[in-house]
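**Q** Provided herewith is a single structure, encoded as structure tokens, for subsequent inquiry.
Readers should treat all values here as calculations from the given coordinates under stated rules, not as data from a laboratory. Bear in mind the structure is a predicted one, so any value in this text is a computation, not a measurement. Ideal geometry is used to build each Cβ from the backbone, glycine not excepted, and the neighbour counts take in all protein chains shown.
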Amino acid sequence: MLLALLAYSGKGRFVVGPTDLSAMAGEMTKLLASSLSKKVQLELDLPEGLPAVVGDASQLQQVLLNLVTNASDAIGEQAGRIRVATGAEVLDAAAASALRGEDPPGPGTFVFLEVSDTGCGIAPEVQGRIFEPFFSTKETGRGLGLSALLGILRAHRGGFRMDSTPGGGTTFRVYFPGSAAPAGPGMRPLGAGAALPPGLRVLLVDDEEHIRDATRRLLEGMGCEVVPARDGLEAVELAAAGSFSVVLLDLMMPRLDGRQTLGLLREDHPGLPVVLCSGYTAQEIPAGFEGVFLAKPYTLDQLTEALVTALAARV
């Protein structure tokens, strides 16, 4: 549960730079679209020329990923619509102070990211709890990873508005201060840099459900077959029962942690590539590990490059 806790506390690892929120959202939704139900219509309204958002690209991506994932879960198996939009808005002092968040920003020009859905909505008695770190409403399609949103907004001096009606859908509009700095895309265009080979079968091991779901959606969007495991014990059993191209393995897990799992995988499958993931520093890497380490939070490009490197090394 480390990534959500780091983001919630606002103390995660950040690499700050100017980001084009529309470009980032456009690239992310291309990947996410293939993992959505065929009954879900995805609508985009991503204008060009918006002010840049100065922030950490991986955290901005996680905001979109969490909101789209929750919107999809809220719709479930029914037909529905998800709309992703960006824009700019000037807020005066009253409007800025009315934004929700732990530290509402002052007035100014903001760039917003909006995700709306036609799903089940959120009951009024639940709306006050969905941002608690350990609260989940999986059965009703909400509560996954939303606590991380508060930490990300705190770190980026932002805020949000939420409108939801039971049975009538939900809209989240997240505001980030705009900047005059030239915007970079926040992530390279699809196909740039490292590329995953086709037909990969990935064993995804992480004890946090919303991280598994989000990462699975991204990998499936890149054409991978993904088999999730909730902990090391389940991962070892799955590896024994089937063949995998690569393992994406979290270090900190209950029952059987990443170090123990790595040892068992090395014994039984010595040629299986493994990428270790952790929100801690590289000093947590097990002694003698010669594979690839991926620090959380990571960008889509970093995830792709780590998998490509692990596959090439075959250690």
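**Q** Run through the stretch 36-123 and list the GluC sites (Glu not before Pro) located in a DSSP loop whose Cβ has at most 16 other Cβ atoms within 10 Å.
**A** Listed in order of number, the matching sites are Glu48, Glu77, Glu102.
**Q** Show the residues, 5+ positions off or on another chain, whose built amide H is closer than 5 Å to the amide H of Phe110.
**A** Those lying under 5 Å, H to H, from Phe110 are Glu89, Val90, Leu91, Gly178.
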